[in-house]
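Q: I have a structure I would like to understand better, so I am pasting it below and will then ask my questions one at a time.
The values are calculated or read from the model by the stated rules, or taken from the named source; none is laboratory data. On a predicted model such as this, the values are computed, not experimentally measured, just so you know. Methodologically, a virtual Cβ is constructed for each residue, glycine included, from the backbone with ideal geometry; neighbour enumeration extends over all protein chains shown. Please note that ligands, DNA and RNA were not included when accessible areas were found on the heavy atoms of the full protein model with its side chains. Shrake-Rupley method; radii C 1.70, N 1.55, O 1.52, S 1.80 Å.
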Amino acid sequence: AAPAAATTPAAAAPAAAVDVTRLVDGHPVTTSVDAPGGRAARALADRLHGAGDVLAADVAVRYEPVAVHDDPLLPHTLHLAAVRAPQAWERTTGAGTLVAVLDTGVLADHPDLRGALLPQVDVAPVPPGGDTPDTLLHGTLVASVLAARLGNGTGGAGVAPGAQVLPVRVCDPTCGSGAVAAGIDRAVAAGADVVNLSIAGPDRSRVVEEAVQRAVAAGVVVVAAAGNDGAPCAPERPTGCGNPVVYPASYPGVVSVSASDLTGAAAGWAGHDERVDLSAPGEQVLGAVPPRSGRYDGTEYAFATGTSFAAPQVAAAAALVRAVAPAMPVADVERTLVTAAAQAAWPAGYGAGLLVVWVAVA
């Protein structure tokens, strides 16, 4: 039976809470149930998981956006050349595909994203004072790396410049597991072909894992960043290190993405383990950002570093593959990306190799 505690929207889950996904009128609905403490939350989650109409239940956890912080900037968009994206555009730019970006929210009127975005879905709440350039920074960068428009006389271009993007705000600014699960379900319901998760954290959530499995079963390719803590820990670097296992990238069925550095070699700072499928450029990736002045003057771009910006390159490549092979099963899309990336000398833990978009599309 459901507990007597009151439920709150998933995005507003407190520190001691349990995410619960129930089947309501045939659709998964995730809410959060308050608990008096961590021990009580664990016991409640274990009691609810799999009971009655409950699809999944687990202690609420938090993820973090994994950033380190005629198109005039196209020559400076070096990652496009590195992954051989322009050669793929001769076949497809991703038109007709939909990629859901589960993140901090996306600036709807950035010139390089006009025509790319569907109306945003807010699972996590809008900040009390409204959006600012800081709150929308990460999501806007991710969306532009994925699908900034080509041939519009503005900025650079995304890896899939013809794809549509569904922005789903799941971070406020950290990303609650209940909101992430609900966001995945919203993306599936909206008909997404691909879901991009440029977020990571060390805690596993059955609720998010079950949402991922529902998405994969529905034919949606789920791509996630492997995190930025790959460097060894040292006295001068006590945090952001140690190469922990991170989620959602490590869930079964997720395409886990690590990163290369500016030389094209595997990046020591990027998360790496046997769960990683492939890598993409993760240093000095050019993307669109919200203007600080509120006005557009051609400077609304920045170079960003992190697996946050490697993952959307792979998500975009998945969209391009889906554009030429709409009925291809999820496992075959992943296999196509991995096979195209394979490099004999690529180091262990960074997947098969570096993303090669045109080979995957071919």
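Q: Kindly indicate whether N228 is polar (S, T, N, Q) and in contact with a Phe, Trp or Tyr (Cβ under 7 Å, 6 or more places away or on another chain).
A: So N228 fits the description; yes.
Q: With respect to the numbered conditions (1) open to solvent by 10 Å² or more (accessible area, probe 1.4 Å); (2) within 24 Å of A116 (Cα to Cα); (3) outside any loop (DSSP other than H, G, I, E, B), which one is the sole condition not fulfilled by N152?
A: (3)
Q: Any residue at all in the stretch 133-145 that is of a type in the set (S, T, Y), touching a helix residue (DSSP H, G or I) at 6+ places or on another chain (Cβ under 9 Å), open to solvent by 10 Å² or more (accessible area, probe 1.4 Å) and over 27 Å from R214 (Cβ atoms)?
A: No - not one qualifying residue is present in the stretch 133-145.
Q: Sticking with this one: So N243 fits all but one of (1) on the phi > 0 side of the Ramachandran plot; (2) in contact with a helix residue (DSSP H, G or I) (Cβ under 8 Å, 6 or more places away or on another chain); what number is the exception?
A: The failed condition is (2).
Q: Filter the stretch 68-101 down to the residues that are in a helix (DSSP H, G or I), of a type in the set (A, V, I, L, M) and open to solvent by 10 Å² or more (accessible area, probe 1.4 Å) and list them by number.
A: L74, L78, A81, A82
Q: Inside the stretch 320-352, can you point out the residues that are more than 17 Å from A249 (Cα to Cα) and open to solvent by less than 40 Å² (accessible area, probe 1.4 Å)?
A: Selection gives L320, V321, R322, A323, A325, T336, A340, A341, W346.
Q: Among the candidates V170, V194, which residue alone is more than 24 Å from L44 (Cβ to Cβ) and either surrounded by fewer than 24 Cβ atoms within 10 Å (Cβ to Cβ) or under 13 Å from the mean Cα position of the chain (by Cα) (or both)?
A: V194
Q: Quick check on my filter: what residues within the stretch 113-149 are modelled with pLDDT under 95, assigned to a helix (DSSP H, G or I) and hydroxyl-bearing (S, T, Y)?
A: T135
Q: Give the stretch 155-165 a look and list any residue that's modelled with pLDDT of 95 or more and either assigned to a loop (DSSP other than H, G, I, E, B) or crowded, with 24+ Cβ neighbours inside 10 Å (or both), or say none.
A: Within the stretch 155-165, A157, G158, V159, A160, P161, G162, A163, V165 qualify.
Q: Could you identify the single residue in P235, P248 that is of a type outside the set (S, T, Y) and modelled with pLDDT under 95?
A: P235
Q: Something else: Could you check how many residues of the stretch 250-307 are among the small types (G, A, S), open to solvent by 20 Å² or more (accessible area, probe 1.4 Å) and under 16 Å from V83 (Cα atoms)?
A: Qualifying residue count for the region: 3.
Q: Run down A200, A187, A182 and say which single residue is buried (at least 24 other Cβ atoms within 10 Å of the Cβ) and either within 29 Å of T92 (Cβ to Cβ) or of a type in the set (D, E, K, R) (or both).
A: The unique qualifying residue is A187.
Q: Hey, can you tell me all the residues within the stretch 231-249 that are open to solvent by less than 20 Å² (accessible area, probe 1.4 Å) and either more than 15 Å from the chain's Cα centre (by Cα) or charged (D, E, K, R) (or both)?
A: If the condition is that a residue be open to solvent by less than 20 Å² (accessible area, probe 1.4 Å) and either more than 15 Å from the chain's Cα centre (by Cα) or charged (D, E, K, R) (or both), then A231, C241 are the ones that fit.
Q: So, in the stretch 104-121, of the ones that are more than 9 Å from T140 (Cα to Cα) and not aliphatic (A, V, I, L, M), which residue ends up least open to solvent (accessible area, probe 1.4 Å)?
A: This residue is D112.
Q: Under 6 Å between Cβ atoms, at least 6 apart or on separate chains: pull out the pairs that start in the stretch 30-44 with a residue that is under 16 Å from G176 (Cα atoms) and end on any residue that is open to solvent by 60 Å² or more (accessible area, probe 1.4 Å) and of a type outside the set (A, V, I, L, M).
A: Listed by first residue and then by second, the contacts come to T31/T7; V33/T7.
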